[in-house]
Amino acid sequence: MEYNFKQIETKWQKRWQEQKTYRVEVDESRPKFYVLDMFPYPSGAGLHVGHPLGYIASDIYSRYKRLCGFNVLHPMGYDAFGLPAEQYAIQTGQHPAVTTEQNIARYREQMDKIGFCYDWEREVRTCEPEYYKWTQWAFLKMYDHYYSNLTCKAEPIAELVAHFAQKGTEGVDAACTTPQNFTADEWAAMSEEQKEGVLQNYRLAYRADTMVNWCPQLGTVLANDEVKDGLSVRGGYPVEQKRMKQWSLRVTAYAQRMLDGMDSLQWSESLKEIQRNWIGRSEGAQMFFDIKDSERKLEIFTTRPDTIYGVTFMVIAPEHEWVEELTTEEQRAAVEDYIAQTKKRSERERIAETHRVSGVKTGSYAINPFTGKAIPIYVSDYVLAGYGTGAIMAVPAHDSRDYAFARHFGLDIVPVVEGGNIEVESYDAKAGKMINSDILNGMDVKEAIPMMFAEVEKRGLGKKVINYRLRDAIFSRQRYWGEPFPVYYKGEVAYPLTEEELPLELPPIENFGPTEQGEPPLARVAEWKSKEGYPLELSTMPGFAGSSAYYLRYMDPHNGEALVGKRENEYWRQVDLYIGGIEHATGHLMYSRFWNMFLYDLGYVCESEPFKKLVNQGMIQGRSNFVYRIVGTNKFVSLGLKNDYQTQEIHVDVNIVKNDQLDTEAFRKWRPEFADAEFILEDGKYICGWAIEKMSKSMFNVVNPDHIVENYGADTLRMYEMFLGPLEQSKPWDTNGIDGVHKFLRKLWRLFYDREGAFTLNNEEPTPAELKTLHKTIKKIREDIENFSFNTSISAFMICLNELGACHKRAILEPLTVLIAPFAPHIAEELWEAMGHAETIFDAAYPVCEEQYLKESAFEYPVMVNGKLRFKQNYSLKMTPAEIQSDIVQTEGAQKWLEGKAPKKIIVVPGKIINIVI
RNA sequence: GCGGAUAUGGUGUAAUUGGUAGCCACGUCAGACUUAGGAUCUGAUGCCGAGAGGCGUGGGGGUUCGAGUCCCUUUAUCCGCACCA
């Protein structure tokens, strides 16, 4: 009997499903392990071969952990709300719920063929009311809380209201949009609308008039992580800055905690670095500069207070609220003109023209508090309104942007730190000796910075502050296909629905475009009203809303009373291993952490971080194939001969090419225009050219996993995807080479069955050499799985079979079958059953994956590897220098070095010293 | 500009973590069995050289008895952030 993967895989997939092999329950008697994949957005194109890479890795790890005795939670679901389904609906009128349903069915079918061990009873879909009820619930909780900097956690807004009633803003230290200042009497005198206006400054989910990223083509606002280089990440449409009233989440409140929390996470350094960068913490001084002939003080932010003696001018952003006030009559026309010009430039132009120097004098002067000198104040768009205070003190000698500006306008450049060549460029480094700086002269920059922080506070000029680049997340989208906000309006004032009214279900509509008045699609629904008849919010929540807490819902997916039950949460706690793409670094992975920390503050979850360990799988690129048509003919020339002709390169479907050799018959059938194609062959073959490109339909390089499963089986696909290279590395998909892995599985099969189909296993005692091979393999593979080095573990399997040769001994092959089960579960199950086991491997307990077995497999004697003698572990030997000289040491240099020394330990390979410890 | 990562045969990669570079595969070549092979099996295969031998981990330099691995420098590619004061 030959290895019939089709039959085997169908059989076991069916059996796993029938027996609910992968169903998991809370079981306090066993240790838990939670392995999670980033759930997919079910697009219309289906899965290509790159998508399951991470799923296969997590599946292997889950199965391995299960074999080690852990109770493994390994769920899957769908991130089903989103733009593409809605764009498709606008074009075709087909309801997104319908297309989403179809796409999900297709995804499920494709995933099932690969043989994953998901507990499908825990599936979640973000677009279902039972699920998004909890997204809306979390939003209401955020609406109902503020962030206290005193307790460093979220607190009920009611407590803040009580405080205002008693003491006004006195003693309040909370994360807010605009700091407030009022007394208890003033609070009492406010109208309900005014009070709500104040509270919006504090709520963690709030509605405010802010500058937003507006994308006209998509007809919606976007969060910062959804915009790149002034274009929308989805679709690549231009994005402009616009002032709009929008819902936002106060993620900035958690900036410091997100930064601190990172220390305890097992994430890659690069990913942590991206998040640190995105949060962008910087320590600096907030300082006040007197304005000449005015009572006002201009507030600035600087990280370099040490350079204050080098300040020769000030700059404010064009959007700064004092621009008008600071502008003198003579300058008014020029300033207004400049601001009008800046407004005209789009965000994209502004980014593109980063190094263009522009600006204009306000005519006002500030007083340097340390030198008493009057310095001019400019307006320029190189200062951003959104960062710091929107105003800076300019130190041209030590900041390259200030330097460029000073050069352009002929302003003074006063060096205050020794170093660099001030004639040519600014000296920005935070190192060197202070000069021209009165009290600081002679100090090093590193001493001068803290000294100035103290000095600024002592003189009452300002204080030390911490600034973050992180912005609050804009939370509304002028779209249909998302979670509705559980909020209604009386006039301008927003009121939350009660928890009992959740879920607020998305009403069915037929026309998905914006209304004629430019309102979101929900405006078309006449009955989109609260119980009392007040209008409900028209926009919906963004894509990241539904994905922010889905890992919690998997713990207890059918709970109607809570997002997650206490017992379930305390058992599963957090995701132990999360596998997914790095593209979510500043989006989903930030929002999830924020969302989780908030729920942690309120006591709904027991861990402050959602994802303990995170592995980023690399991207799978496409490998395109080309044929070469001789210009003006329908003749195609093979790669090696193409230089003899004038040819045109044409993409050819990679599915009709094998090992770069074209199936010419299939090519003729591929497209009508090639039906009578002729070929110039080399060695009787047509060889195609190739290139690495993005995997996409237009390049004809999309490889469908279904095809691979059809031709080679799921086990081969799983192993080959892992064999391709290190998990975290991006690499092109190349079907060439898959034979090697397939051959390995056939070879494995033949150890159990001979050509006639007879079962060949016997109960003979293994030889020491066979045992050593087995133990070596067990050790190596366990280590490799723990390190996510799946490619090398597959190599180890291959070496093992090569070494075993035609060994049909049960004592060797039984543990090996268990070991291989995480990688190739179908064939392993089949062989396991053939050996007489009634249970599936994953229900059986077998000692291969127990610690004690690992210890037994360690050995310290030399082994033959590839015909060469190698030491598995360093071989230690105590010798005197005399012995070394007589027996071992051969190199002259080593002898010289050893003279007069008494080595304690010498590590050798035959004939040579490899390590000497004195 | 700042930060991070990577660089090894024709190809994907490996290297006991400072100790005989190229494991395991793909591909190629030769052979066996075959009516046939895009099946199976065996062997060879880093480069140059007929050979002895020499060279070899992007380039240059250093530390070391010994460097793919550590340090300095440089180049190329990829990724993230970017008038963030």
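The values are calculated or read from the model by the stated rules, or taken from the named source; none is laboratory data. Being a predicted model, the structure only gives us computed values, none of them experimental. Please note: Cβ atoms are built from the backbone with ideal geometry, for glycine as well, and neighbour counts cover all protein chains shown. In case anyone asks, the SASA skips ligands and DNA or RNA and just uses the protein heavy atoms, side chains included. Shrake-Rupley method; radii C 1.70, N 1.55, O 1.52, S 1.80 Å.
Just to confirm the number: angle between the C-alpha axis of helix A:96-114 and the first principal axis of chain A, 0 to 90 degrees, nearest 10?
Tilt of helix A:96-114: around 30 degrees.
Simple spin-label model, 7 Å along Cα-to-Cβ: A:Asn659 to A:Asp209 in nm?
In this crude spin-label approximation the distance works out to 7.2 nm.
Of all accessible surface on the range A:299-345 at a 1.4 Å probe, what whole percent is carbon and sulfur?
46
Going by alpha carbons, how many degrees (0 to 90, nearest 10) lie between the helix axis of A:790-804 and the longest principal axis of chain A?
Around 10 degrees separate the two axes.
Quick check: at a probe of 1.4 Å, how many percent of the accessible area of the range A:444-519 sits on carbon and sulfur atoms?
Taking all protein chains in place, the range A:444-519 shows 50 percent carbon and sulfur surface.
GluC sites (Glu not before Pro), restricted to the range A:634-732: which are DSSP loop and have at most 16 other Cβ atoms within 10 Å?
A:Glu728
Only sites in a loop by DSSP and with at most 14 other Cβ atoms within 10 Å count here; which GluC sites (Glu not before Pro) in the range A:546-613 make the cut?
Loop-located and lightly packed - A:Glu561.
Over the range A:630-686, what is the relative contact order in whole percent, taking alpha-carbon pairs under 8 Å and six or more residues apart?
Relative contact order here is 47 percent.
Once the mean 1/r over all distinct Cα pairs of chain A is inverted, what Kirkwood radius in angstroms do you read off?
Across chain A, the inverse of the average 1/r is 33.0 Å.
Taking a cut-off of 21 Å between Cα atoms, list the lysines near A:Lys361, but don't count ones fewer than 8 places away on the same chain.
A:Lys292, A:Lys297, A:Lys343, A:Lys344, A:Lys373
Run lengths n ≥ 4 of DSSP H only: what is the helix-derived mean residue ellipticity at 222 nm for chain A, with -39500 (n - 2.57) per run over all residues, to the nearest 500?
Taking each H run of at least 4 residues, the total per residue is -10000 deg cm²/dmol.
Taking N as the number of residues in the range A:108-159, what is its Cα Rg relative to 2.2 N^0.38 Å?
1.89
Filter the GluC sites (Glu not before Pro) in the range A:378-464 down to the DSSP loop ones having no more than 15 other Cβ atoms within 10 Å, then list what survives.
Loop-located and lightly packed - A:Glu418, A:Glu423, A:Glu425.
Hey, what did chain A get for relative contact order, percent, Cα under 8 Å, at least 6 apart?
Computed over chain A, the figure is 13 percent.
When only C-alpha pairs under 8 Å and at least 6 residues apart count, what is the relative contact order of the range A:185-261, in percent?
Computed over the range A:185-261, the figure is 32 percent.
Starting from the 7 Å offset along Cα-to-Cβ, what nm value, one decimal, do you get for the label separation of A:Gln19 and A:Thr633?
6.2
Could you report chain A's accessible area per residue, 1.4 Å probe, as an integer in Å²?
46
Starting at 0 and stepping by 10 Å, how many percent of the alpha carbon pairs of the range A:1-134 end up in each bin?
Reading upward from the zero bin: 11, 35, 34, 16, 4, 0.
Determine the share of the range A:599-654's accessible area contributed by carbon and sulfur atoms, expressed in whole percent, with a 1.4 angstrom probe.
Exposed carbon and sulfur together represent 42 percent of the surface.
Which distance in nm do the two modelled labels at A:Leu384 and A:Lys463 give, with both placed 7 Å along the Cα-to-Cβ direction?
Going by the 7 Å Cα→Cβ label model, 2.5 nm.
Against the globular-protein guess of 2.2 N^0.38 Å, express the Cα radius of gyration of the range A:290-339 as a ratio, rounded to two decimals.
For the range A:290-339, the normalised Cα radius of gyration comes out at 1.31.
Just need log10 I(q)/I(0) for the range A:161-209 at q = 0.27, 0.28, 0.31 Å⁻¹, Debye formula, equal scatterers on the alpha-carbon atoms, no solvent, rounded to two decimals.
-1.13, -1.19, -1.35
Enter the mean projected area of the convex hull around the alpha-carbon atoms of the range A:19-96, in nm², rounded to one decimal.
7.1
Roughly how tilted is helix A:588-601, in degrees to the nearest 10 and between 0 and 90, from the longest Cα axis of chain A?
Long axis of A:588-601 versus the principal axis of chain A: about 70 degrees.
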